[in-house]
Amino acid sequence: MKSLRTLTIALASLIAAPAAFAQDATTDTASSSYDKRFAVVGGAAILKPDRDPAPGLKIDGDVAPVISASWYATPNIAVELWGAADKFNHRVKADGAGKIGTVDQQPIALSGQYHFGTPDQVMRPFLGLGYYESNFSNESIGGDGAHVGLETAKGAIATAGMDFNINETWFARTDVRYMKGDAGVRVAGQGTGEELTIDPWVVGVGIGARF
């Protein structure tokens, strides 16, 4: 929940900022699409692990709402804060035993992005690279034995996406993100020195607005 509170505070600050920015903006409305430096996107995404975390062990993907806020330093360069607005819930399966538990995760990321072309293009691709953390919670794995927990995964995140402009304010977005990082394994609250490699893909769609 700490990551979600951080994301919420940051989004509220970015949403409030356009009013202050507008006071200093130029009055030339002919190029207004270039003057809008903030964007907020809400949508949904599916998170699917790129690989099995261990031999004979599988983790299913899940869908959750996601939200992001971006500040454009220039028409092409942006800084994006992105995260899940709710938790992805994953079923954990073992070969020959079926479902053996569940685990939730909630990622948050900060990335730099480059948006190709000009803001008034109908289709505008972008690429991004940054840092993410994904908090795991509500682990229920292995039945009545010692509790198995996962530490926060941390690492690099890469993004590729496309914006489809509807008008100067509204646009649709589709994007793909890849998160590279391991999660430490804890048993009965104690670290084991072992790590699970999940490296999930996140595929999302959403609707955005510029301010």
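Residue 70 passes every criterion in (1) farther than 21 Å from residue 208 by Cα; (2) part of a strand (DSSP E or B); (3) in contact (Cβ under 8 Å) with a residue 24 or more places away in the chain apart from (1). Count of region 86-95 residues, restricted to those that are assigned to a loop (DSSP other than H, G, I, E, B), surrounded by fewer than 17 Cβ atoms within 10 Å (Cβ to Cβ) and in contact (Cβ under 8 Å) with a residue 24 or more places away in the chain, is 1. A count restricted to region 154-167 and to residues that are more than 17 Å from residue 44 (Cα to Cα) and touching a strand residue (DSSP E or B) at 6+ places or on another chain (Cβ under 7 Å) stands at 7. Taking the residues in region 112-156 that are aliphatic (A, V, I, L, M) and either open to solvent by 50 Å² or more (accessible area, probe 1.4 Å) or modelled with pLDDT of 95 or more (or both) as candidates, determine which candidate is farthest from the chain's Cα centre (by Cα). Filtering first and then ranking leaves 146. Residue 211 satisfies every condition listed in (1) more than 21 Å from residue 62 (Cβ to Cβ); (2) within 16 Å of the chain's Cα centre (by Cα); (3) in contact (Cβ under 8 Å) with a residue 40 or more places away in the chain; (4) open to solvent by 50 Å² or more (accessible area, probe 1.4 Å) except (2).
Within region 52-67, count every residue that is over 19 Å from the mean Cα position of the chain (by Cα) and not in a strand (DSSP E or B). Result for region 52-67: 4.
Scanning region 56-74 for any residue that is in contact with a helix residue (DSSP H, G or I) (Cβ under 8 Å, 6 or more places away or on another chain), β-branched (Val, Ile, Thr) and either open to solvent by 40 Å² or more (accessible area, probe 1.4 Å) or modelled with pLDDT under 70 (or both) turns up at least one such residue.
The values are calculated or read from the model by the stated rules, or taken from the named source; none is laboratory data. Values in this document were obtained by computation on a predicted structure and should not be read as measured data. Positions of Cβ are generated from backbone atoms using ideal geometry, with glycine treated the same way; all protein chains shown enter the neighbour counts. Side chains are part of the model used for accessible areas, which takes the heavy atoms of the whole protein and leaves out ligands, DNA and RNA. Shrake-Rupley method; radii C 1.70, N 1.55, O 1.52, S 1.80 Å.
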